[in-house]
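Heads up, the thing below is written out as structure tokens.
The values are calculated or read from the model by the stated rules, or taken from the named source; none is laboratory data. Remember, predicted model here, so these are calculated numbers, not experimental data. Here the Cβ positions follow ideal geometry from the backbone for every residue, glycine too, while neighbour counts run over all protein chains shown. Please note that ligands, DNA and RNA were not included when accessible areas were found on the heavy atoms of the full protein model with its side chains. Shrake-Rupley method; radii C 1.70, N 1.55, O 1.52, S 1.80 Å.
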Amino acid sequence: MADFDLAIIGGGINGAGIARDAAGRGLKVVLVEQNDLASGTSSASSKLIHGGLRYLEHGALRLVHAALSEREVLLRMAPHLIRPLRFVLPLGPASRSPILLRLGLFVYDQIGRREILPGTRALDLITDAAGQPLKRHFHRGYEYSDCFADDARLVVVNAVDAAERGAAIRTRTRCVRAERADVWRLILNARGARDVVTARVLVNAAGAWVETVAETVLRQPPSGRLRLDKGSHIVVPRLYDHDRAYILQAPDGRVVFAIPFARDFTLIGTTDRSFSGDPASVVPTEAEIDYLCGVINAYFRASIGAADVVWAFAGVRALYDDGAGKPQDVGRDYALLLDKTFGAAPLLTVYGGKLTTFRRLAEDALARLSHFFPPSRPWTAEVPLPGGDFGYDGAATLIERTQRHWPFLAKDHVERLVAAYGTRVENVLQAATRPDDLAARFGADLTATEVRYLMTKEWAQTADDVLWRRSKLGLRFSLDQRSTLDRFMRR
């Protein structure tokens, strides 16, 4: 008799999504993550829920359709973490044909199953506010809809929901060996403490480490189907005043996004470069930062350089190699490979995927494993994530209600809390009636009460867990404030 029905290696968006879905079907689940939740690629994305307009060029209609169909599903599931966003596409010398773009946007609108998001419209950039930050030779453009997401928190709340449905979430726990018989026997190491658990089925959802786990933990030969692709982003002080994003066409055929970020900043990315080496050590290079600044400078009146970058980060996408030549041409679809060798416990390996399709990937994973478990039905599309039990357009009302209940909080503080916790802001603030009830303030608006909540309910253990994954308050913290927070959490 195994301890668990399903063991999952990897605490990124795919692993957390599978854990949530499986736990909600009544399965006994354990998720093992060697670091913090979302500590890899899942906190280093462009933070978009989108179909991928440029994938239409490569004929990836199935992928685009699947992703577009998920936008409003996820928006309804997590309206605190996901918000509609309009994207401005200026037409200029480096642009694709305006006719081709309009056709692509028409297809994008038609296959997207839109009920909430508005469709495409043409823009006169001479008169529209979206044209004000741009150089004067940009006269025309288009505007279309996608969504912005808090990627790392999306991982965390999936794990929270999985735990509340009975899953064991074990962060900072490395699976050092997995022995396969009629069940899996996993040898775990959590900061030097050894443990052993057994499971009927194992899922390798380690992302960029999927082949490393296969070779060193499962003792399997490499499949040769994993392709690593590095994407870098930069954050600069806010480039413009309105709340729309830009999708900019670079001379090399790539697109770069400029996205309103954390109220006072603009997020710019991403690059696409083949990668080899340790995914844990990936950082943006000087050339990549210069490239992103150069694309911005070709479009915007305000010029930026490396000195303006307040934060730069990079992630490694784990793509399923379909034989494409250029990194930007490799498909973003996922592949689920099931090894069900007779007499041996099953192994499901997850390759690829993207933030937008994590829920669908989890459903497909459980469908592939369905004959190993009692019959169950998909359920996640209809059930909000923790804190998301309010209308997709109800954030303003929730902010107003929170402000009335805790009137001593500044509006910016309330907006951040609601955007992070949704209706569970009540769990964070509890019975506080005055500022002192929230205890020490470490910097910006981060209080000891919130930190304790993150440590007890969301597996935060270090300052980076709080400042860069469960929030983006690292943009507003000094080194001294970060050290103070770290000491508090260690105590």
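For Ser276, Ser45, Ser370, write out the residues from largest to smallest accessible area, computed with a 1.4 angstrom probe and no ligands counted.
On the way: Ser276 100, Ser45 30, Ser370 65 Å².
Descending accessible area places them as Ser276, Ser370, Ser45.
The simple Förster model, with R0 at 22 Å and r as the Cβ-Cβ distance, assigns Leu103 and Gln132 a FRET efficiency of 0.20. Note on the range 357-491: Rg/Rh from C-alpha atoms, Kirkwood Rh, equals 1.07.
In this structure the range 167-206 gives 44 Å² per residue of accessible area when probed at 1.4 Å with all protein chains present.
Per residue, how much accessible surface does the range 1-100 expose to a 1.4 Å probe? Answer in Å², no decimals. Don't skip to the answer; put the middle values down first.
Numbers: 3000 Å² over 100 residues.
Dividing the accessible area of the range 1-100 by its residue count gives 30 Å².
For Gln110 and Thr285, the FRET efficiency from 1/(1 + (r/R0)^6), where r spans their Cβ atoms and R0 equals 30 Å, is about 0.15.
Report, in listed order, any pair from Lys354/Lys411; Lys28/Lys340; Lys230/Lys411; Lys28/Lys472 with a Cα-Cα distance greater than 26 Å. Violating the 26 Å limit, Cα to Cα: Lys354/Lys411; Lys230/Lys411; Lys28/Lys472.
Exposure check, 1.4 Å probe, all protein chains in place: Asp36 carries approximately 0 Å² of accessible surface.
Taking a 1.4 Å probe, which of His242, His371, His139 shows the most accessible area, and what order do the others take after it? Present the calculation step by step, with values, prior to reporting the outcome.
Numbers: His242 30, His371 115, His139 90 Å².
Ranked list, largest accessible area first: His371, His139, His242.
Considering only the other residues whose Cβ falls under 11 Å of the Cβ of Val255, what net charge follows from Lys and Arg at +1 and Asp and Glu at -1? Overall, the nearby charge balance is 0.
At a 1.4 Å probe, what is the % contribution of carbon and sulfur to the accessible area of the range 126-242?
Numbers: 2240 of 4740 Å².
Ligands and nucleic acids excluded, carbon and sulfur give 47 percent.
Label positions at Ala381 and Glu164, each projected 7 Å from the Cα along the C-beta direction, are separated by 2.3 nm. Other residues whose C-beta falls under 14 angstrom from the C-beta of Leu398 contribute a net charge of +1, scoring Lys and Arg +1 and Asp and Glu -1.
Multiplying the residue separation of Asp252 and Ala410 by 0.36 nm and removing their Cα-Cα distance gives an extension gain of 52.4 nm.
Toward the positive end of the charge dipole of the range 413-491, with +1 on the Cβ of Lys and Arg and -1 on the Cβ of Asp and Glu, the farthest Cα among Ala439, Ala463, Ala420 is that of Ala463. For Ala19, neighbours were defined as the other residues whose beta-carbon sits under 12 Å from its Cβ, and their charges (Lys and Arg +1, Asp and Glu -1) total 0. Working from label points 7 Å from Cα in the Cα-to-Cβ sense, the Arg491 to Asp243 distance is 4.0 nm. Reported value for the range 442-484: 59 Å³ per residue, from the convex hull of its C-alpha atoms. The slack between Ala190 and Arg121, meaning 0.36 nm per residue of separation minus the straight C-alpha distance, is 19.5 nm. For the range 248-322, the per residue solvent-accessible surface stands at 40 Å², with DNA, RNA and ligands left out and a 1.4 Å probe. Note on Arg114: accessible area is roughly 90 Å² with a 1.4 Å probe, heavy atoms of protein only.
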